[in-house]
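Take a look at the structure below.
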Amino acid sequence: MLTYLRFFFFTILIAAGLASCEGSGSSNESSLPSARGAAGEIILVMDSTSWRGELGNELREIFMQDVPGLPQPEPYFDLRYVNPFKLNDVLRSAKNMIFVTTLDNRSASGERMRRFFTDNSLTRIESDSTFFSYPISNVFARGQKNLYLFGVSEDVLLENLSVNHKQVRQHFSDTERNRSLEALYKSGEQRALERDLLEDHNFYLRIPQDYDLVPLEDSIEQFVWLRQLGQAGEPDVSIIVTYQEYTSEDIFQPEGIMQFRESTLGKYIVDDNPPAYMTIQEIEPIVYDTINFDGKFAIEARGLWKLSNITMGGPFLSYAFVDEALNRFYYIEGYVYYPGKNKRTEIREVETILRTFKTEAELQAKQSASK
């Protein structure tokens, strides 16, 4: 057992105290319009003075912070501010919406924002300073994700947002990944190849239709390369799964993970004309994080890769974790080549695919539970 590896989770507070919100009580969701809007866009509704002040700065920091590991600055989300008096039917049908209010805001906009809450909800907000967020779906449109952020005062809400900023953003990160999941596998998946990988390598991964297994010159039992080879002007995306026997927790140190990456990807992902091998770009530091990967402790890494002759390069996202049943250390990665283009969407798709990974034991447990 990996008793030394511990992970503490936080779930955005969902409380029964927020009984209902304006527009959320539709008895027939099929009558609602379909949500629409660009991927990664959020409509933010709040008082204009608060938007220009410290509270707005905190929200911009949460949602518009640059995604780590991308070659050009790209925010996690495109945040679009809307005054509550200008919230029309078109804006109400957005895919993602945030409503922000505090009880100490006595402006006309603040009074308008409080109409989104019932009297019972306002009483709960006033009496419980830890109650600051409420996620809900399909308030104004089918497929819409909404998040209400609130507090008895702006200072109280700012404190809660400061402590829980990562978890607040994760609500919409998970939402976008779920939408990406639906889009990626809408046309099906390669079930025969998935079965082959399960039989040959003891892991399961959902493989979209447009990804191919890359044949390698040598027979490599512990290295799998899947690739979506984009046509001219389209992204070139690869998924790598490689593993070895787990022998020491030292490999979870950042230098241990990257040494393993260099020794495997640098060996098997090569170009003969001219000679080159996969390696790390060091113009920006790699960003590491400890995460919950389907119930397992994992190290996430985001950074930049290149071929050693600098003919190709781009961002990568990886996860390192252990399959306890097989005593196996896994390193799985997705990387993108898409020169001159923004790559936020592609990295999000890479994350979506990697997050479908399951060990054989996990897959069997899930199948047994569903019977």
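The values are calculated or read from the model by the stated rules, or taken from the named source; none is laboratory data. Remember, it's a predicted structure, so these values are computed and weren't measured experimentally. Positions of Cβ are backbone-derived with ideal geometry, glycine not excepted, and every protein chain shown enters the neighbour counts. Note: areas computed on protein heavy atoms with side chains; ligands, DNA, RNA excluded. Shrake-Rupley method; radii C 1.70, N 1.55, O 1.52, S 1.80 Å.
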Taking the stretch 248-274 and the residues there that are polar (S, T, N, Q) and open to solvent by 60 Å² or more (accessible area, probe 1.4 Å), the one that is farthest from the chain's Cα centre (by Cα) would be 273
Of all residues being assigned to a loop (DSSP other than H, G, I, E, B) and hydrophobic (A, V, I, L, M, F, W, C) in the stretch 188-207, which is farthest from residue 327 (Cα to Cα)? Just the residue, please. 207
Within the stretch 210-221, can you find the residues that are open to solvent by less than 80 Å² (accessible area, probe 1.4 Å), closer than 22 Å to residue 184 by Cβ and among the hydrophobic types (A, V, I, L, M, F, W, C)? 214
Can we say residue 197 is without any contact (Cβ under 8 Å) to a residue 60 or more places away in the chain and in contact with a Leu (Cβ under 8 Å, 6 or more places away or on another chain)? yes
Would you be able to tell me the number of residues in the stretch 197-209 that are within 25 Å of residue 267 (Cα to Cα) and loosely packed, with under 14 Cβ neighbours inside 10 Å? 2
Return the residues of the stretch 56-66 that are out of contact with any strand residue (DSSP E or B) (no Cβ under 7 Å at 6 or more places or on another chain), touching a residue at least 60 places away in the same chain (Cβ under 8 Å) and either among the small types (Gly, Ala, Ser) or open to solvent by less than 70 Å² (accessible area, probe 1.4 Å) (or both); say none if nothing qualifies. 58, 62
How do the pairs read when you match residues in the stretch 283-311 that are hydroxyl-bearing (Ser, Thr, Tyr) with residues anywhere that are surrounded by fewer than 19 Cβ atoms within 10 Å (Cβ to Cβ), using Cβ under 6 Å and keeping only pairs 6 or more apart or on different chains? 288/254; 308/276; 308/277; 308/279
Residue ranges of helices (runs of 4 or more DSSP H) in the stretch 77-187 with at least 1 members crowded, with 20+ Cβ neighbours inside 10 Å: 108-114, 119-127, 154-184
Among the listed residues 224, 237, which satisfies the condition of being open to solvent by less than 30 Å² (accessible area, probe 1.4 Å), farther than 18 Å from residue 320 by Cβ and out of contact with any Phe, Trp or Tyr (no Cβ under 7 Å at 6 or more places or on another chain)? 237
Can you run down the residue pairs with Cβ atoms below 7 Å, 6 or more apart or on separate chains, where the first is in the stretch 155-173 and without any contact (Cβ under 8 Å) to a residue 60 or more places away in the chain and within 20 Å of residue 51 (Cβ to Cβ) and the partner is of a type in the set (Gly, Ala, Ser) and part of a helix (DSSP H, G or I)? none
